[in-house]
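Okay, so here's the structure we're looking at.
The values are calculated or read from the model by the stated rules, or taken from the named source; none is laboratory data. For clarity, every value in this text was computed on a predicted model and none was experimentally measured. Here the Cβ positions follow ideal geometry from the backbone for every residue, glycine too, while neighbour counts run over all protein chains shown.
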Amino acid sequence: MSTTRDLPAPAPAPHDPAPHDPAPHDPAPHDPAPRDPARVAVSLTGVHKTYGGVAPVPALRGVDLELLTGSVTAVMGPSGSGKSTLVSVAAGLDTATSGSVRVAGHALDAMSPDALTRFRREQVGFVFQGYNLVPHLDVASNIALPLVLASRRPDAGWSAHLVDRLGLAGLEHRLPGELSGGQAQRVAIARALVARPSIVFADEPTGALDARTGRQVLHLFLDVAREFGQTLVVVTHDAGVAAATGEVVLLADGRVADRMHAPSDEQVAARLLELGR
Ligand SMILES: Nc1ncnc2c1ncn2[C@@H]1O[C@H](COP(=O)(O)OP(=O)(O)OP(=O)(O)O)[C@@H](O)[C@H]1O
């Protein structure tokens with residue numbers, strides 16, 4: 001099921017129509033077939049991921065997914081449906097058991113471990129539920145960390161803009177232990193954006209925050225991503241936040257069960273109920 005609703009601020013980049021959406025009123029003349037690879041930020045083809053152990057767990061069971069550059073996408077689905085696994089595999093933090101994963105045109109499975117580490121540092125940003133800030137580094141140093149690790153020269157103007165845009169001005173010299181949860185997560189967001197990665201993945205980034213703060217931080221995150229044309233993939237359980245992304249991928253049992261373009265909160269919530277959230 002796909003749904004369409006006018007939203008006031010769609011992502012600046014073109015969106016990927018839902019696979020079931022015939023888009024009868026828009027033949028997508030700018031959406032050439034075959035798709036222009038330069039516009040595809042991440043592409044998963046036939047991806048399976050089975051965790052080993054005494055009883056193997058098939059977490060992803062044939063995922064095909066393409067997300068365009070500049071798109072802002074929510075990944076939703078019932079607990080255990082494979083959301084975190086999908087993000088880990090797409091971000092190169094974990095490897096697929098089979099299938100192909102391409103990020104910014106690069107096949108992750110073809111890379112050596114060292115090349116993959118370098119690629120992640122340069123092209124991929126992460127925001128996790130637990131912030132993952134380095135406790136003995138102040139806010140400014142935490143934000144600059146991806147540039148330091150990639151031996152890149154800090155861009156003071158860009159860093160200052162991020163600090164300002166994320167409401168962190170005045171906090172630059174505080175340690176993570178001196179921040180509120182919402183402040184800490186905004187630092188983590190600035191850190192994920194500072195190297196201008198090809199794509200940013202966020203796995204339940206506000207799961208550790210109270211509902212109100214979490215929504216504020218996530219809406220700020222989405223606004224900033226759109227402003228910068230940043231491709232963003234965010235795992236969330238919040239139908240309201242998902243609806244604000246404009247593009248929702250729904251997983252069930254390790255497969256893409258649906259994609260919704262610009263749905264309302266109610267449509268997302270109803271579809272999640274159907275999938276057995
Ligand atoms: N390291 C692991 N070893 C074995 N099984 C795992 C591992 N990580 C995840 N799984 C299993 O893989 C499946 C998908 O897990 P995943 O964490 O991707 O789901 P999820 O949709 O993110 O869940 P939630 O919403 O509860 O966080 C689940 O059955 C889970 O138990």
Inset, instruction - Residue by residue through the range 161-188, note down the ones that are closer than 20 Å to Phe228 by Cβ, within 23 Å of the chain's Cα centre (by Cα) and among the aliphatic types (A, V, I, L, M). - result: Leu162, Val163, Leu166, Leu168, Val187, Ala188
Legend entry - Residue check for Asp223: within 14 Å of the chain's Cα centre (by Cα), over 17 Å from Leu67 (Cα atoms) and acidic (Asp, Glu): yes
Legend entry - Lone unmet requirement of (1) hydroxyl-bearing (Ser, Thr, Tyr); (2) closer than 15 Å to Pro197 by Cβ; (3) touching a Ser or Thr at 6+ places or on another chain (Cβ under 9 Å) for Ser100: (2)
Inset, instruction - Just give me the residues in the range 79-103 being surrounded by 18 or more Cβ atoms within 10 Å (Cβ to Cβ) and not in a helix (DSSP H, G or I), in sequence order. - result: Ser81, Gly82, Ala91, Gly92, Ala96, Val101, Arg102, Val103
Inset, instruction - List the number of the failed condition for Leu137; all other conditions in (1) within 10 Å of the ligand (Cβ to nearest atom); (2) under 21 Å from Leu193 (Cβ atoms); (3) modelled with pLDDT of 95 or more hold. - result: (1)
Legend entry - Criterion: within 16 Å of the ligand (Cβ to nearest atom) and either among the aromatic types (Phe, Trp, Tyr) or at pLDDT 95 or above (or both) - qualifying residue of Gly62, Gly46, Gly92, Gly53: Gly62
Inset, instruction - Report yes if some residue within the range 110-122 is within 26 Å of Arg39 (Cα to Cα), crowded, with 20+ Cβ neighbours inside 10 Å and within 16 Å of the chain's Cα centre (by Cα); otherwise report no. - result: yes
Inset, instruction - Return the total of residues in the range 197-216 being among the small types (Gly, Ala, Ser) and either free of Cβ contacts under 8 Å to residues at least 12 places away in the same chain or surrounded by fewer than 20 Cβ atoms within 10 Å (Cβ to Cβ) (or both). - result: 4
Inset, instruction - Determine, yes or no, whether Thr85 is touching a Leu at 6+ places or on another chain (Cβ under 7 Å), on the phi < 0 side of the Ramachandran plot and either within 16 Å of the ligand (Cβ to nearest atom) or modelled with pLDDT of 95 or more (or both). - result: yes
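For (1) modelled with pLDDT of 95 or more; (2) not aliphatic (A, V, I, L, M), each residue gets a yes or a no:
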| residue | (1), (2) |
| --- | --- |
| His161 | no, yes |
| Ala195 | no, no |
| Thr213 | no, yes |
| Val224 | no, no |
| Gly229 | no, yes |
| Val235 | yes, no |
Legend entry - From the options Leu93, Leu147, Leu168, residue that is closer than 23 Å to Val47 by Cβ and either touching a Lys or Arg at 6+ places or on another chain (Cβ under 8 Å) or without any contact (Cβ under 8 Å) to a residue 40 or more places away in the chain (or both): Leu93
Legend entry - Residues of the range 217-262 satisfying the condition of being away from the ligand (no atom under 16 Å from the Cβ), surrounded by fewer than 24 Cβ atoms within 10 Å (Cβ to Cβ) and in a loop (DSSP other than H, G, I, E, B): Gly229, Gly246, Ala262
